[in-house]
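Structure in structure tokens, see below.
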Amino acid sequence: MPFEKNEDSVILKLPSGATAEILYYGATIISWKSPSQSGLGDDVEERLFVSKKSALDGSKPIRGGIPVVFPIFGPPVKPEHSKLGQHGFARSSVWHWDDVVMDTDTGVSIRLRLDPTPEIEAAFPHPFKLAYV
């Protein structure tokens with residue numbers, strides 16, 4: 001089973017030693033480690049930037065990593081988006097584990113989903129379905 005579910009995140013693992021960590025908060029990839037380019041030893045290197053100032057506790061969006069941005073990018077400019085924060089709500093919402101899509105020796109894929117909540121519907125009163133694989 002090349003993945004590890006934790007309370008706040010999931011870590012995907014490959015036999016090569018490469019890993020990726022995805023927080024449920026924002027479905028943000030906060031770590032991608034892969035073997036060093038020398039290929040010698042068990043050394044793995046972090047490949048993503050996440051600011052040391054980022055709070056990883058869900059109190060505000062993460063600075064760095066790979067976020068999911070929906071339904072807007074940047075600050076709201078249209079009147080119908082005036083209740084949304086910068087980059088929308090997907091990066092500042094808690095996503096939920098959905099399923100394993102693929103789990104083999106060559107790779108692992110999982111699916112997270114974001115369901116409408118009363119808070120989201122108050123800011124974005126449109127039906128949506130978001131899944132992240």
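By how many nm would the segment from Ala123 to Arg111 lengthen if fully extended, with 0.36 nm per residue of separation less the alpha-carbon distance?
So the chain would gain 1.8 nm between Ala123 and Arg111.
Mind checking the full-extension length gain between Ser31 and Tyr132? Use 0.36 nm per residue of separation minus the Cα-Cα distance, one decimal, nm.
Using 0.36 nm per residue and subtracting the Cα-Cα distance, I get 34.7 nm.
Turning to a different aspect of this structure: Only four residue types carry charge here, +1 at the Cβ of Lys and Arg and -1 at the Cβ of Asp and Glu. Report the dipole size of the stretch 1-91 about the Cα centre in Debye, rounded to the nearest 20.
Magnitude of the dipole: close to 480 debye.
Here's a follow-up. Per residue, how many Å² of accessible area does the chain show with a 1.4 Å probe?
63
In nanometres, what is the gap between the two model label sites at Asp43 and Asp103, each 7 Å from Cα along Cα-to-Cβ?
3.4
Starting at the first residue of the stretch 55-62, write each ³J(HN,Hα) from the Karplus equation 6.51 cos²θ - 1.76 cosθ + 1.60 with θ = phi - 60°, in whole Hz, x for Gly and Pro.
After applying 6.51 cos²θ - 1.76 cosθ + 1.60, I find 7, 9, 9, x, 7, 6, x, 7 Hz.
Can I ask one more? At what distance in angstrom do the alpha carbon centres of the stretch 9-84 and the stretch 99-126 lie from each other?
15
To continue, here is another question. If R₀ is 22 angstrom, what is the calculated FRET efficiency for the pair Gln86 and Lys52, using the beta carbon separation as r and rounding to 0.05?
0.55
Can you show me the helix-derived [θ] at 222 nm for the chain, built from DSSP H runs with n ≥ 4 at -39,500 (n - 2.57) apiece and divided by the number of residues, rounded to the nearest 500.
Taken over the chain, the calculation gives -1000 deg cm²/dmol.
Under 5 Å between amide hydrogens, which residues at least 5 positions from Phe89 or on another chain qualify, with H placed 1.01 Å from N in the peptide plane?
Phe70, Ile72
Still on this structure: Amide H of Leu130 versus every other amide H placed in the peptide plane: which residues, excluding those fewer than 5 positions away on the same chain, fall under 5 Å?
Amide H to amide H, under 5 Å and 5 or more residues apart or across chains, Leu130 pairs with Leu114.
Please go through the stretch 1-96 and write out the trypsin sites (Lys or Arg not before Pro) that DSSP classes as loop and that have at most 10 other C-beta atoms within 10 Å.
Lys52, Lys53
Quick check for the chain: number of Lys pairs with alpha-carbon distance under 18 Å, counting only pairs 8 or more apart or on different chains?
Values: Lys5/Lys13; Lys5/Lys33; Lys13/Lys33; Lys33/Lys52; Lys52/Lys60; Lys60/Lys83.
Lysine pairs meeting both conditions in the chain amount to 6.
Restricting attention to the alpha-carbon atoms of the stretch 1-65, what are Rg (one decimal) and Dmax (integer), both in Å?
12.8, 39
Next up: Of all accessible surface on the chain at a 1.4 Å probe, what whole percent is carbon and sulfur?
C and S atoms contribute 54 percent here.
Restricting to Cα pairs below 8 Å that are 6+ residues apart, what does the relative contact order work out to for the stretch 35-133? Please round to a whole percent. Provide the component values of the computation, followed by the final result.
Details: 124 pairs, mean separation 16.3, N = 99.
That works out to 17 percent.
Another question, then. Between Val94 and Arg63, 0.36 nm times their residue separation minus their Cα-Cα distance comes to what? Could the numbers behind the result be given before it?
On the way: separation 31, 0.36 × 31 = 11.16 nm, distance 1.62 nm.
Working it through step by step, the gained length comes to 9.5 nm.
The values are calculated or read from the model by the stated rules, or taken from the named source; none is laboratory data. No experiment lies behind these values; they were computed from the predicted model shown. Every residue, glycine as well, gets a Cβ built from its backbone with ideal geometry; the counts of neighbours run over all protein chains shown. We work out accessible area using only protein heavy atoms, side chains counted, and drop any ligands, DNA or RNA first. Shrake-Rupley method; radii C 1.70, N 1.55, O 1.52, S 1.80 Å.
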